[in-house]
1. Test B:ALA7 against the criterion of being out of contact with any Phe, Trp or Tyr (no Cβ under 9 Å at 6 or more places or on another chain), at pLDDT below 95, away from DNA strand C (no atom under 12 Å from the Cβ) and not in a loop (DSSP other than H, G, I, E, B), and give yes or no.
2. Are any of the residues in the range A:45-54 buried (at least 16 other Cβ atoms within 10 Å of the Cβ) and closer than 21 Å to B:ARG30 by Cβ?
3. Taking B:THR49 as meeting all but one of (1) among the β-branched types (Val, Ile, Thr); (2) touching a helix residue (DSSP H, G or I) at 6+ places or on another chain (Cβ under 8 Å); (3) modelled with pLDDT of 95 or more, write down the number of the exception.
4. Among the numbered conditions (1) within 12 Å of DNA strand C (Cβ to nearest atom); (2) of a type in the set (Val, Ile, Thr); (3) at pLDDT 95 or above, tell me where A:VAL75 comes up short.
5. Filter the range A:18-31 down to residues that are over 13 Å from B:VAL69 (Cα atoms) and touching a residue at least 40 places away in the same chain (Cβ under 8 Å), then give me how many there are.
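The values are calculated or read from the model by the stated rules, or taken from the named source; none is laboratory data. Since the model is a prediction, treat every value here as computed from it, not as a measurement. Note that each Cβ is placed from the backbone with ideal geometry, even for glycine, and that neighbours are counted across all protein chains shown.
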There are 2 protein chains.
Amino acid sequence: MKTSSEAHDSEGPFRVYTPATLGAAIRHYREEAGLSQAELAERAGLNRTYLSDLETGRETEQVKRILRVLKQLGVRMTLEKADW
Amino acid sequence: MKTSSEAHDSEGPFRVYTPATLGAAIRHYREEAGLSQAELAERAGLNRTYLSDLETGRETEQVKRILRVLKQLGVRMTLEKADW
DNA sequence: TATGGATGTCCGGATATCCAGACAACGACG
DNA sequence: CGTCGTTGTCTGGATATCCGGACATCCATA
């Protein structure tokens, strides 16, 4: 399968509807990058507990508010690898 | 210019790097939808003051944290019309 | 078995956020 | 000019959030 390049399963762009889908996408890309929560938290300058909550979708009101606005406007949020 | 379809200036997808770019995108789509801040706030179930702050990029830590995570992972966030 | 890395989850408190309500400035339009 | 609609901004105060630190669990693997 895919004779060309490497083993880039890439898993396509992620559509974000909810805190849970946001978390899932972040987790996917973190694992793809081979980082632990602790490492990523360190690099992004935040707490590992927060990151864990974020990935499991426990993230809350803030994000929901913004997603609600986007939904009302019929706008979709997409996350994808910025493959430079 | 653009002989083809209508007056769909559409303005392409928005890349979100910062609270300010997020706000600009939201404002763009709100105006495109012909809604006032008050109307959109009402529909999304939130305060107009908050929406104003959001659009002017005064939105803060929460969003910045998440954008920091995405940056570390080399992931980009895009907003675009879900043209159904 | 035991040791270590990774993750989920609980607690408590400092801190940031969001809301309501109000006001000023601006433009359009009668 | 006067009025209305829209938006930016301020002030409190109630509330949600994030953090550090700790503990249990699960999975490798020595």
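1. no
2. No, because not a single residue in the range A:45-54 is buried (at least 16 other Cβ atoms within 10 Å of the Cβ) and closer than 21 Å to B:ARG30 by Cβ.
3. Here B:THR49 clears every test but (2).
4. Here A:VAL75 clears every test but (1).
5. 2
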